[in-house]
Amino acid sequence: MDSSKYVRYTPEQVEALERVYAECPKPTSLKRHQLIRECSILSNIDPKQIKVWFQNRRCREKQRKEASHLQTVNRKLTAMNKLLMEENDRLQKHVSHLVYDNGFMRQQLHTVNSTTTDTCCESVVVSGQQQQQNPMPQHHPQRDANSPAGLLAIAEETLTEFLGKATGTAVDWVQMIGMKPGPESIGIVAVSRNCNGVAARACGLVSLEPMKVAEILKDRPSWYRDCRCLDILNVIPTGNGGTIELIYLQTYAPTTLAPARDFWTLRYTTSLEDGSLVICERSLTSNTGGPVGPPATSSVRAKMLPSGFLIRPCEGGGSIIHIVDHIDLDACSVPEVLRPLYESSKILAQKMTMAAFRYIRQIAQETSGEIQYAGGRQPAVLRAFSQRLCRGFNNAVSGFIDDGWTIMGSDGVDDVTIAVNSSPSKFLDAQYNTLSILPTFGGVLCARASMLLQDVCPALLVRFLREHRSEWADYGVDAYSSASLKASPYAVPCARPGVFPSSQVILPLAQTVEHEEFLEVVRLEGHAFSPEDIALSRDMYLLQLCSGVEENATGACAQLVFAHIDESFGDDAPLLPSGFSVIPLEPKSDSPSAARTLDLASTLEARTGGTRPAGEIEGRSYNHRSVLTIAFQFAFENHYRENVAAMARQYVRSIVGSVQRVAMAIAPSRLCSQLTPKSFPGSPEAVTLARWICRSYKNHTGGELLQVESQAAGDAVLKQLWHHTDSIMCCSVKMNDSAVFSFSNQAGLDMLETTLIALQDIMLDKILDEAGRKVLLSEFPKIMQQGFAYLPAGLCVSSMGRPVSYEQAVAWKVLNDDNSSHCLAFMFTNWSFI
């Protein structure tokens, strides 16, 4: 049969081919011949024609999917266009109001200027102004606010005020920088300017029906991570088919420096004439009337001004959503330095308004099957893990008394607070509470601290803490936390700081639609350097949640929370979260920060006229403050409580010191100071580091590294070290796969074929070949005990993958002024590219 001839298939033949296509859209030649042999109704068709049919079928399927996608995008664009037109109308009305107000003010000023000699007229004009600016308060007629009719009146007033904010000009909205509307974006996001309290508004579209959207949004604890509890104390049906709910809402404290907030509100759910759903809410106070709510015992009562959700059905399916959040957090009740945290509309937008939109979009994409997760776990399970990590960390930070937390006495220094919970069943979900059934379980201990950071980008700090865990974490403490998950817990009765290092491997589990949050498993690979440590040098696992690491996300809070898990990692795995939270206290700069080096070598480059692009230093301006909250939780046995408390306090203090050193290194004002050295404990600048390197080399080996004395002028030592012909570089004391370089002279940069800025991304084990790693591993105990070791000739690899040979290498401990180990130094002599 001529393969180019058109073939008309019978319905039976098409049905047979469709069955095969459903199982295998692209069958092989062997499969097609087998099909013809086994299916008698296809025996008269040439195999080439069968091949053409499958090609055409795949093409039609692809066209159908593309057409469906284009139709979906078209519907989104149509809906977005409608939103933009409505926003344009709102802005035009706002402009008209401003023009009218401007004209009125001009007229008043003209009247005042023309009647300067007539004080009586002037007084009349002034009183007229006052009357315009301060209209007489409107008094509501007497009503019983506790009755259903009175509550309905409050609800209708709330509805009117909410709609004025959602679609009108009741609030002066300013669009957030970087939030561009589009079919795949959240939509239009705006924040308030010069209004009572803080407010944020967002409008956009999602591919879920209005009733489903309303169900999700009313379940605030599922999407609002700061929500501790939401109790519906009364439900009253209304005559128009709606409902009125009286709600007690409590939120977590964002830091350990201020108490939590709670709200007593009325929530009104109803439908509009155009078919839209409305869920609006406001606080019940003495001014509004209504029932008195529960007393605020461990919280500060905050106020929710008319807020809510307007959900409109979209043509072709889906919904258009308007969200308004307007609250007064009583900023005057917190220390003045923390007030920006409670007065920022941008933080409110990120943590509440946009969080609601992101959650709905996530659910919509999971429902449609657009998102595929690794590991075969259901999306709901992964969301539950993320929520449990956040809630566990927030519980630890807030430490509510009714959860069973009590404060232990301090050791005389109040920098770290130790709280103990001997009844963790109150705050651990019952189905996950496997720790408390252990016979020697004594409770959970939390060490927490908060500190202010200056000129440090929260996203950059959290990204460093995630990627460089070995710079702040201690393997001994991790081993203790991991042991508490075992059937025979507490194999390590108390952590031994710095016993042996580990490297980490990050395995992604899931991420949100806009990649602002991701869930992952971290494998900590242990390496023992002494026989007594071999039993503990096993792999450990963490479940980790990281969010807010995009530097250009205005007002975003950055968080790194993790919990130890065992190898099985079941869906009901017990979690005891610890971690970090960094919240900006002031708005971010509009321009995103340039990439910054996280080591101290940048100071050297600036001092020695490095090749950093002009204007890069000046462009880095994050001149704001942020508050860092640290909370670490540990399970303990009854008879080890005091030991674990002492270990936890010491551990958190060491982490605070590590974070301070990192913060000083990445703060642009420190990196880019006017070439003037600034000393700070544990994190020397290049001049001091150069002096330590040379002095330690002489003390350990007895020889001189440079021609000048190590006590000579700092600039002279630094200059000779920089221009030394052999490559000299430093890395962290922890000899493991994640040990990274923090300093190198010019010869070292040439050998590694890198720059000072990129040096931090190069790990020690990546430049050594297998023989070199084995030699270093065997000599490491000698280096730590004797202070130095000579390594034989060998090979290494540059960052560009080029092999490099060297005649000899020397490794020695660099000691600071307190004779404590600061880093390891290496010198590769007579090196050359092969």
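Within 21 Å of the chain's Cα centre (by Cα), at pLDDT 80 or above and at positive phi: does that describe G555? Criteria not met by G555.
Residues in segment 567-601 that are at pLDDT 50 or above and of a type in the set (D, E): E567, D571, D572, E586. Condition first: modelled with pLDDT of 85 or more and more than 39 Å from the chain's Cα centre (by Cα). Can you find one or more residues in segment 743-757 that meet it? The answer is no, given that none of the residues of segment 743-757 is modelled with pLDDT of 85 or more and more than 39 Å from the chain's Cα centre (by Cα). Restricting attention to segment 164-178 and to residues that are out of contact with any helix residue (DSSP H, G or I) (no Cβ under 7 Å at 6 or more places or on another chain) and surrounded by fewer than 20 Cβ atoms within 10 Å (Cβ to Cβ), the residue that is modelled with the highest pLDDT turns out to be G164.
One residue alone among A491, A535, A528 is surrounded by fewer than 20 Cβ atoms within 10 Å (Cβ to Cβ), assigned to a helix (DSSP H, G or I) and at pLDDT below 85, and that residue is A535. Only residues in segment 627-654 that are modelled with pLDDT of 90 or more count as the first member; pair them with residues that are acidic (D, E) and open to solvent by 10 Å² or more (accessible area, probe 1.4 Å), Cβ under 7 angstrom, at least 6 apart or cross-chain, and list the lot. From residues that are modelled with pLDDT of 90 or more, the pairs are R649/D411; Y651/D474; R653/D415. All conditions in (1) small (G, A, S); (2) modelled with pLDDT of 85 or more; (3) assigned to a helix (DSSP H, G or I) hold for G703, with the sole exception of (3).
Residues in segment 391-413 that are modelled with pLDDT of 90 or more, open to solvent by less than 30 Å² (accessible area, probe 1.4 Å) and in a helix (DSSP H, G or I): G392, F393, N394, N395, A396, V397, S398.
If you filter segment 780-817 down to residues that are at pLDDT 90 or above and hydroxyl-bearing (S, T, Y), you find that the one that is farthest from R695 (Cα to Cα) is S805. Selection of segment 445-474 for residues being farther than 25 Å from S423 by Cβ, open to solvent by 10 Å² or more (accessible area, probe 1.4 Å) and not hydrophobic (A, V, I, L, M, F, W, C) yields S450, Q454, D455, R463, R466, E467, H468, R469, S470, E471, D474. Taken over segment 494-521, the criterion of being modelled with pLDDT of 50 or more and among the β-branched types (V, I, T) is satisfied by V505, I506, T512, V513, V521. The residues of segment 24-48 that are of a type in the set (D, E) and assigned to a helix (DSSP H, G or I) amount to a single one, E38. I244 passes every criterion in (1) touching a residue at least 24 places away in the same chain (Cβ under 8 Å); (2) under 19 Å from L348 (Cα atoms) apart from (2).
The values are calculated or read from the model by the stated rules, or taken from the named source; none is laboratory data. Source: prediction; values computed, not measured. Cβ coordinates were reconstructed from backbone atoms using ideal geometry, including for glycine residues, and neighbour counts include every protein chain displayed. Remember, those area values only see protein heavy atoms, side chains included, never the ligands or the DNA or RNA. Shrake-Rupley method; radii C 1.70, N 1.55, O 1.52, S 1.80 Å.
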